[in-house]
Amino acid sequence: MTKSLRIGVLALQGAFIEHVHALNSLRNTEHIEKVIEVRTKTELDDIDALIIPGGESTAIALIAERCGILESLQEFVQHKPTWGTCAGLILLAKNAIHTKKGGQRLLDALPVTVSRNQFGRQVDSFTIKLDSPCLGAESVPFEYVFIRAPAIVSIDDPEVEPLVRLPPGHGQTETSESGLLVAVKYRNILGTSFHPELTNDNRWHRYFVRMALSG
């Protein structure tokens, strides 16, 4: 019998409520027992998988530290299914460039280098529809939403699996034959640059739920 998951969404700052709604939309079709907004170590200890949402990565790390949850987060993401979107991707990375003066606290779990705000400022936000074979047999392209988004500029471990690349020219400062990486999977971790929670398409949330179940 397949276990039902208790999935948490880190609710310290950023677009967490949209992830909660997306997960709740899957409760009738996927194995989700409960969706929990996580703000404390007790709540973190009560879940099987976690989403770290978009927002302001520096602020999320500072709030987590002040709430006494940062060390528990670092331990959680090393072993349990975790998905970081946008700011969450930055936090999960082992390396980040173009960070704010003084650097940035990272959870040091995903062996990639992330470029913060690779695509520019808020006014440079964009959407793009792309085929995404990793999401399954559906032929309908997924609409990707990028808002002050990071990008994965290098894979630093051969176990990291590339999932989605942008077409060449998007967010790049020099010509390249391959587009920037915006989604990867590594062991228990999913990292994405975009905001799937801002669409009505829950395929990426379903992907994460099934990834968590298979792990």
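Based on this model, can you work out whether GLY215 counts as among the small types (Gly, Ala, Ser) and modelled with pLDDT of 95 or more?
Spelling it out, it is not the case that GLY215 is among the small types (Gly, Ala, Ser) and modelled with pLDDT of 95 or more.
Residues that are open to solvent by 30 Å² or more (accessible area, probe 1.4 Å) and over 20 Å from PRO150 (Cα atoms): does segment 80-93 have at least one?
Yes, segment 80-93 has at least one match.
Mind checking which residues of segment 187-200 are under 25 Å from ASN117 (Cβ atoms) and open to solvent by 20 Å² or more (accessible area, probe 1.4 Å)?
Within segment 187-200, LEU198, THR199 qualify.
Can you pull out every residue in segment 79-93 that is of a type outside the set (A, V, I, L, M, F, W, C) and either touching an Asp or Glu at 6+ places or on another chain (Cβ under 9 Å) or assigned to a helix (DSSP H, G or I) (or both)?
HIS79, LYS80, PRO81, THR85, GLY88
Among the listed residues GLU18, GLU33, GLU56, GLU37, which satisfies the condition of being at pLDDT 95 or above, more than 15 Å from LEU107 (Cβ to Cβ) and in contact with a Gly (Cβ under 8 Å, 6 or more places away or on another chain)?
The conditions single out GLU37.
Evaluate segment 138-148: report whether one residue or more is open to solvent by 50 Å² or more (accessible area, probe 1.4 Å), of a type in the set (Asp, Glu) and at pLDDT below 95.
Yes, that holds for at least one residue.
The values are calculated or read from the model by the stated rules, or taken from the named source; none is laboratory data. All values reported here derive from a predicted model rather than from experimental measurement. Quick reminder, even Gly has a Cβ in these numbers, built from the backbone with ideal geometry, and neighbours come from all protein chains shown. Note: accessible area is taken over every heavy atom of the protein model, side chains too, but ligands, DNA and RNA are not part of it. Shrake-Rupley method; radii C 1.70, N 1.55, O 1.52, S 1.80 Å.
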